[in-house]
Every structure is written in C-alpha cells, then in structure tokens.
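Student: Let me begin by handing over the structure; questions about it come next.
Nothing in this text is a laboratory measurement; each read-out follows from the coordinates by a stated rule. Everything numeric in this text was worked out from a predicted model, so none of it was measured. Positions of Cβ are backbone-derived with ideal geometry, glycine not excepted, and every protein chain shown enters the neighbour counts.
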C-alpha cells in the first residue's frame, strides 16, 4: 500500500509496534504510540484534556490556543499598530499554561507530569504535539488524495 511506504520518515517518531502502520492508522493510534510518550503520560493527558489518540493531541483546543497565543506573543509588535501595542502581549507565551481559560491548575500539574510543561509556549511547542500535528496533517493529505482518486 503506497501510504505505508510514503510515511517511513514519520514512523521513526513512533514505537516499533507502529512502524508498519499507515499514516491514517498512526493518526488514530493511541497517543502513547509516539516514541517517548509513556502510558503514564497518556493517562495524564486523558485525565487533563481527554486526549486518547494522536489526532486528539494534534487538534486539542488548548494546544491550538497555546500555539496561537505564542505566535501572537512573538509577533504582537509586528501586527499591532503602535498605539495598540502593549508590552504584556510580548510575555503571553511565558505565562503558566493554566492562564488559558479552561485549563485548571490540576490540568497544568498533569501536563507538568506528562511532558514537563510549565508555560503556554512549552505546550504549543512541545515535540510530541508537533509530531502528532505532522502525522494528522499527512493523514489528512493522504485521505484527500485517496478520495480524489476514487
């Protein structure tokens, strides 16, 4: 199957048991399938944000908010007119992850246990999140191609 051959490079980021899986299967795999994510880490993510799969991690609303806030924090001086610039925007990414509405202190503690995450930036830029997002993006592309060819 072509989709299995085309994703060999991403398979290196998954546990050995998942190396022969298609990109579509990897997107639906348990989050612990990502190399370096333990079953305990997965349990913390499930408890904090009900994350079960690679796709859940990639598309989690709090992860996406953290990425948006980090980008805004980094580029606020470039995107806001001078009269609206506030220095506090520059530090948004360095705020604790529970500064995001809907993320409790308990959730933040679970993220710390799972991945050592303390800040909004660390949540948005986490290597496991980025692996999950790359996997899901590739799966969506493969699914689109499959649908267009049928």
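Student: Can you give me the distance in nm between label points at residue 148 and residue 94, each placed 7 Å from the Cα along the Cα-to-Cβ direction?
Tutor: 4.4 nm
Student: Follow-up. Please work out which option in [x] 17.3, 56; [y] 20.4, 78; [z] 16.5, 59 gives Rg and Dmax of the Cα atoms in Å calculated from these coordinates, and answer with its label.
Tutor: Checking each listed value against the structure points to [x].
Student: Could you check the spin-label model distance between residue 134 and residue 68? Points 7 Å from the Cα along Cα→Cβ, value in nm.
Tutor: Each label point lies 7 Å from its Cα, and together they span 2.5 nm.
Student: Taking 0.36 nm per residue of sequence separation and subtracting the Cα-Cα distance, how much length would be gained by fully extending the chain between residue 35 and residue 16, in nm to one decimal?
Tutor: 6.0 nm is the gain from fully extending residue 35 to residue 16.
Student: To the nearest 0.05, how large is the calculated FRET efficiency for residue 75 and residue 47 if R₀ is 30 Å and r is the Cβ-Cβ distance?
Tutor: With a Förster radius of 30 Å, E is 0.35.
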